[in-house]
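Report on the structure given below.
The values are calculated or read from the model by the stated rules, or taken from the named source; none is laboratory data. What you are looking at is a predicted structure, and each value in this text was computed from that prediction instead of being measured. Note that we place each Cβ from the backbone using ideal geometry, even for glycine, and neighbour counts take in every protein chain shown. Ligands, DNA and RNA are stripped out before the accessible areas are found, and what is left, the full protein with its side chains, is counted by its heavy atoms. Shrake-Rupley method; radii C 1.70, N 1.55, O 1.52, S 1.80 Å.
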Amino acid sequence: GAGFTPKNRPEKQRRWDRIDQRIRDALLGCAGGDLPWPLLLVGGAGSGKTCAALAALDEWTGWYVELGEFCDLLNSARDGTLLWSSGYPRTTTELWSDWSQTSIGIIDELGARTAVSDFQFETLKRMLDRREERPLVLISNEPIARLAKAYDDRIASRIAAGTVVECSGDRRVASRSKGSKA
């Protein structure tokens, strides 16, 4: 995929500036073709994973979705209850096409639950396969070994096939602590 340089937009620059340098370097490395996709951001709550992904969306047109939310969308499309703004039903084929064609796909909350249904497993596998070697950011609080247990080794292999950044710390707690010392 083509690289990008963050645009000079003051309203978006604040978010970009808050991203940990290691995450920013990995994101820019993947975008520039120097590092392989997918980019897996793994670490505890508040470590900046989702913030980084949202900053990427400021630069690209993309699709941010939690895995459970995408499963819900697929179910609604199957039931005929997912509608375009015009009122026409949206199909599962259209959802998969949109996912495949978006500039960057972002899947958050991987492994957020201990029990994974067959439907969730198959949906994630298909999401990963459709974005192979294309811009994709994966976000999880769980290490790869736990993701392998929740899904299986094939999913874990796909998830870890690109660039992995282990994130640490809780930026939200740190910023609250700084604010209370002032």
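Let's see how each residue does on (1) open to solvent by less than 20 Å² (accessible area, probe 1.4 Å); (2) within 30 Å of G32 (Cα to Cα); (3) touching a Cys at 6+ places or on another chain (Cβ under 9 Å); (4) of a type in the set (S, T, N, Q):
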position	(1), (2), (3), (4)
Y64	no, yes, no, no
L83	no, no, no, no
W99	yes, yes, no, no
V116	no, no, no, no
M127	yes, yes, no, no
S140	yes, yes, no, yes
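Confirm whether V42 is closer than 20 Å to Q21 by Cβ and either touching a residue at least 12 places away in the same chain (Cβ under 8 Å) or surrounded by 17 or more Cβ atoms within 10 Å (Cβ to Cβ) (or both). Yes, satisfied.
The residue of the stretch 142-163 that is nearest to D129 (Cα to Cα), among those that are free of Cβ contacts under 8 Å to residues at least 12 places away in the same chain and surrounded by fewer than 17 Cβ atoms within 10 Å (Cβ to Cβ), is S157. Every test in (1) part of a helix (DSSP H, G or I); (2) at pLDDT 80 or above is passed by W16 save one, and that test is (2).
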